Amino acid sequence: MAEVTTKKFVIQKVQPALLGLMDGSVSTLAPIFATAGLTEQPIKAFYVGLAASLGAGVSMGLAEALSDDGTVTGRGSPLMRGSITGLATALGGMLHTFPFLVPNIRHALHLAYVVVVVELLAIAIIRYKFMKTPLWPTIMQVIIGGGIVFVIGLFLGSA
């Protein structure tokens, strides 16, 4: 019975949260870092990050809630899944957006770099703990995926 409860928790709560964190953390990197590079004004990068994070949160929340009603898949309430995914997406994007409230662009960027690494490692650890994926391959997958988007942002920010 405990195993069924654990699986239900993972599929109904952890998986939507992980989906949101991964999307929010990765999909907002390019616009934030491109804006920081192009404008060299941290507050502008902050507002782009805020808009990208909130917009992605709404989009992902709706996508998850509308993907199925949970009766066939056992994934639970669409409203609950959508809310969890949407909030986690917004949070994932906002974590590396907050450093851009620091008025010095160099300091803001260095702080944001550290936050991105911590975010990606946290995602890998959550995948390892709840989804039972091997730790090192998971870390590499998450870091490589995040790194590709990060490099795109840096490249476009220097154009």
List the relative contact order of the stretch 11-157 as a percent without decimals, with contacts defined as Cα pairs under 8 Å and 6+ residues apart.
36 percent
How large is the translational diffusion coefficient of the stretch 11-157 in µm² per second when you combine the Kirkwood radius over alpha carbon pairs with Stokes-Einstein at 20 °C and 1.002 mPa s?
139 µm²/s
LYS8: which aspartates and glutamates have alpha carbons under 20 Å from its alpha carbon, excluding same-chain residues fewer than 8 sequence positions away?
GLU64, ASP68, ASP69
For an R0 of 22 angstrom, estimate the FRET efficiency from the Cβ-Cβ distance between LYS129 and VAL4 and round to the nearest 0.05.
0.75
How high is the FRET efficiency from ILE11 to ALA122, r the C-beta distance, R0 25 Å, rounded to 0.05?
0.80
Only helices at least 30 Å long along their axis, Cα-based, and averaging -1.0 or more on Kyte-Doolittle count here, so list those DSSP H runs from the chain.
42-67, 105-131, 135-157
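Read the figures in this text as sums done on the coordinates, not as results from a lab. The model shown is predicted, which means the values in this text are computed figures rather than measured ones. We place every Cβ from the backbone using ideal geometry, glycine too, and count neighbours over all the protein chains shown.
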